[in-house]
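Trainee: Dropping a structure here in structure tokens format, bear with me for questions.
The values are calculated or read from the model by the stated rules, or taken from the named source; none is laboratory data. Please read these numbers as outputs of a predicted model, since none were measured by experiment. Here the Cβ positions follow ideal geometry from the backbone for every residue, glycine too, while neighbour counts run over all protein chains shown. Protein only, heavy atoms only, side chains kept; ligands, DNA and RNA dropped before computing areas. Shrake-Rupley method; radii C 1.70, N 1.55, O 1.52, S 1.80 Å.
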Amino acid sequence: IYPVVVNPNPQPSITGSIAAVCGFSTQTYTTAVFPGHTYQWTVVGGTPATGVNPSITIFWGNVLPVSVDLVETANYPGVSCSTQAPTVLPVIMPWPETPLYITGPASVCHAWTGQTYTVPLVANAVDYDWSYTGSGATITNNGSSVSINFSGNATSGNLTVKGHNNCGYGPLSP
């Protein structure tokens, strides 16, 4: 008689945020812990910030693809049994990119109205936040094109724009 011991494979699963994760954010993913088991995490599209088993904290980038994989290994006398958990594919919502440039009149006169300024569409922006550092200017609209009315006592200033989405505001235009 020759005894053969059949050991169970681990049954890993990953828990953590997968829906609507903003780019450039930190998320933690975990699995159940079992004595004598080891955990090997693999990350695509992010950087592990910490990796204390059985969890990992990931700083996500701002582009796809992204994924989290886990292989759990159960160590038994004379043998190790490993199983890969189903891959987790977080839905990354990228932040708006930097606006390229603004076009429109660089020089205007007091009391000029309806001056149009435009920026090329900003990747990942839902709307736009325009700002003018001078006084006496009224900006109408929040899209990639705006109309500015300069009052009779308007002062010179700098016009900037940044994209916005559910994650927040992107970088300011150059």
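Trainee: Among the residues of the stretch 88-108, what is the count of those that are without any contact (Cβ under 8 Å) to a residue 60 or more places away in the chain, assigned to a loop (DSSP other than H, G, I, E, B) and either open to solvent by less than 70 Å² (accessible area, probe 1.4 Å) or among the aromatic types (Phe, Trp, Tyr) (or both)?
Mentor: So the answer is 3.
Trainee: Is it the case, given these coordinates, that Asn141 is on the phi > 0 side of the Ramachandran plot and more than 22 Å from the chain's Cα centre (by Cα)?
Mentor: Yes, satisfied.
Trainee: Looking at this structure, is Ala32 hydrophobic (A, V, I, L, M, F, W, C), closer than 13 Å to Ala85 by Cβ and out of contact with any strand residue (DSSP E or B) (no Cβ under 6 Å at 6 or more places or on another chain)? Steps first, answer last, please.
Mentor: Working: hydrophobic (A, V, I, L, M, F, W, C): yes; closer than 13 Å to Ala85 by Cβ: yes; out of contact with any strand residue (DSSP E or B) (no Cβ under 6 Å at 6 or more places or on another chain): yes.
Yes: the conditions hold for Ala32.
Trainee: If you go through the stretch 1-58 one residue at a time, how many are under 19 Å from the mean Cα position of the chain (by Cα), among the hydrophobic types (A, V, I, L, M, F, W, C) and not in a loop (DSSP other than H, G, I, E, B)?
Mentor: Of the residues in that region, 7 qualify.
Trainee: A further question follows. Taking Ser82 and the conditions (1) in a strand (DSSP E or B); (2) touching a Cys at 6+ places or on another chain (Cβ under 8 Å), which numbered condition does it fall short on, given that it satisfies the others?
Mentor: With (1) in a strand (DSSP E or B); (2) touching a Cys at 6+ places or on another chain (Cβ under 8 Å) applied to Ser82, the lone miss is (2).
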